[in-house]
Amino acid sequence: MGRILALTATVILALIVWQSLPAPPPQAAAGTGEITGFVKSKSPSSISLSVANCSPAAPETRISVNGTSLQAALANYGLCDRVIAGVTSQTSAGVASYTLTSLRPQAATLSGRRRGALLALNAALLLTLTWFFAGDVRKLLFIGQDNRYSGSTTQMSLWFLLTISAYLTAFAVKASCGVFGLNIPTNLLMLSGLSAISFAGAKGITNKKHNDAVTAHAARTKTSADSPRFPQDYVQNDDNQFDFGDYQMILITLIALVSYLVHLFQFLAGVELRAAASLPDVDTTILGLFGVGHGAYLVKKSVSDVKS
């Protein structure tokens with residue numbers, strides 16, 4: 001029954017996401033000073049735009065490109081990008097010809113409410129899919145094997161949810177406007193990788209120390225809690241004492257998440273409809289703090305008592 005509910009919720013959320021997407025930008029008619037459309041082909045001296053779509057069979061309008069500055073600007077655009085070309089036109093023998101005067105990308109604009117709704121809906125979509133496959137979402141994403149809220153598990157889950165929700169939202173916005181392709185920048189990938197390394201490292205250290213303690217018949221082995229405690233488990237050790245290493249890791253994780261969410265919210269205000277667009281990158285300072293915080297957490301984990 002739970003899987004049926006999860007699948008039903010997933011379908012409903014997917015439909016709501018689709019209905020919440022922005023309408024494609026309007027296409028301006030040729031001859032009004034601007035031509036909008038998809039880049040079909042380009043060369044140093046010309047660019048061809050298609051108003052309909054990016055397929056090879058779509059009719060296109062050829063625009064001459066003169067001047068080194070416009071030719072340099074043209075190099076920044078790729079095939080199937082949606083652009084707005086400022087033009088001057090001349091008619092000779094009933095045939096119009098166009099010369100480029102400016103070039104800029106089209107963008108899909110979203111209100112603050114729609115941005116928040118799309119991000120929340122995509123995050124909910126991921127959670128319902130997790131519910132469908134795993135059943136107990138809280139246990140899988142936030143609670144460790146010792147039945148306590150786990151800092152390493154939580155930070156990896158939160159970064160996964162934020163990164164994939166951001167990707168799905170931006171990709172869906174672009175796809176609804178006929179443009180596909182989205183890159184994940186280097187620092188964001190590195191930060192996600194650090195989350196995974198911290199999670200795997202913490203698990204490996206805990207398992208090794210527990211196994212060593214069992215082998216040595218140690219009296220102090222890690223025991224399971226009766227029930228998870230929120231938020232105490234994130235900042236206290238198993239003896240209910242404040243743990244600065246855990247506190248530092250969870251604090252840096254929250255700062256990084258909020259910082260990136262602000263950048264992402266600004267990015268989604270006007271998503272450029274370019275095939276090679278990327279999600280906003282993570283600030284290098286945040287990346288450095290994140291690495292230092294997680295490194296300190298793993299060092300603390302390796303030298304502390306098996307119960308910590």
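The values are calculated or read from the model by the stated rules, or taken from the named source; none is laboratory data. Everything numeric in this text was worked out from a predicted model, so none of it was measured. Glycine gets a Cβ as well: all are built from the backbone with ideal geometry, and neighbour counts include every protein chain shown.
Can you confirm whether residue 61 is on the phi < 0 side of the Ramachandran plot and at pLDDT 85 or above? Lay out the reasoning, then the answer.
Numbers: on the phi < 0 side of the Ramachandran plot: yes; at pLDDT 85 or above: yes.
Yes.
Going by the conditions given, is residue 23 at pLDDT below 85, in a loop (DSSP other than H, G, I, E, B), surrounded by fewer than 16 Cβ atoms within 10 Å (Cβ to Cβ) and touching a Pro at 6+ places or on another chain (Cβ under 8 Å)?
Details: at pLDDT below 85: yes; in a loop (DSSP other than H, G, I, E, B): yes; surrounded by fewer than 16 Cβ atoms within 10 Å (Cβ to Cβ): yes; touching a Pro at 6+ places or on another chain (Cβ under 8 Å): no.
No: the conditions fail for residue 23.
Quick one: in region 227-244, of everything that is out of contact with any helix residue (DSSP H, G or I) (no Cβ under 6 Å at 6 or more places or on another chain) and assigned to a helix (DSSP H, G or I), which residue is modelled with the highest pLDDT?
Result: 232.
May I ask you to say which residue of 16, 47 is out of contact with any His (no Cβ under 8 Å at 6 or more places or on another chain), at pLDDT 85 or above and among the aliphatic types (A, V, I, L, M)? Show your work before the answer.
Numbers: 16 fails: at pLDDT 85 or above.
One residue alone meets the criteria, 47.
May I ask you to say which residue of 164, 197 is surrounded by fewer than 21 Cβ atoms within 10 Å (Cβ to Cβ), assigned to a helix (DSSP H, G or I) and at pLDDT 75 or above?
Numbers: 197 fails: at pLDDT 75 or above.
Going through 164, 197 in turn, just one is surrounded by fewer than 21 Cβ atoms within 10 Å (Cβ to Cβ), assigned to a helix (DSSP H, G or I) and at pLDDT 75 or above: 164.
Looking at 262, 214, 258, which is the one that is surrounded by fewer than 16 Cβ atoms within 10 Å (Cβ to Cβ) and either modelled with pLDDT under 85 or not aliphatic (A, V, I, L, M) (or both)?
Working: 262 fails: either modelled with pLDDT under 85 or not aliphatic (A, V, I, L, M) (or both); 258 fails: either modelled with pLDDT under 85 or not aliphatic (A, V, I, L, M) (or both).
Just one listed residue meets the conditions, 214.
Here is a list: 129, 118, 140. Which entry is in a helix (DSSP H, G or I) and crowded, with 19+ Cβ neighbours inside 10 Å?
Working: 129 fails: crowded, with 19+ Cβ neighbours inside 10 Å; 140 fails: crowded, with 19+ Cβ neighbours inside 10 Å.
Result of the check over 129, 118, 140: 118.
May I ask you to verify whether residue 282 is modelled with pLDDT of 85 or more, assigned by TED's automatic domain parsing to the domain that holds residue 169 and either among the β-branched types (Val, Ile, Thr) or crowded, with 16+ Cβ neighbours inside 10 Å (or both)? I'd like the intermediate steps shown before the answer.
Values: modelled with pLDDT of 85 or more: no; assigned by TED's automatic domain parsing to the domain that holds residue 169: yes; either among the β-branched types (Val, Ile, Thr) or crowded, with 16+ Cβ neighbours inside 10 Å (or both): yes.
For residue 282, the condition - modelled with pLDDT of 85 or more, assigned by TED's automatic domain parsing to the domain that holds residue 169 and either among the β-branched types (Val, Ile, Thr) or crowded, with 16+ Cβ neighbours inside 10 Å (or both) - is not met.
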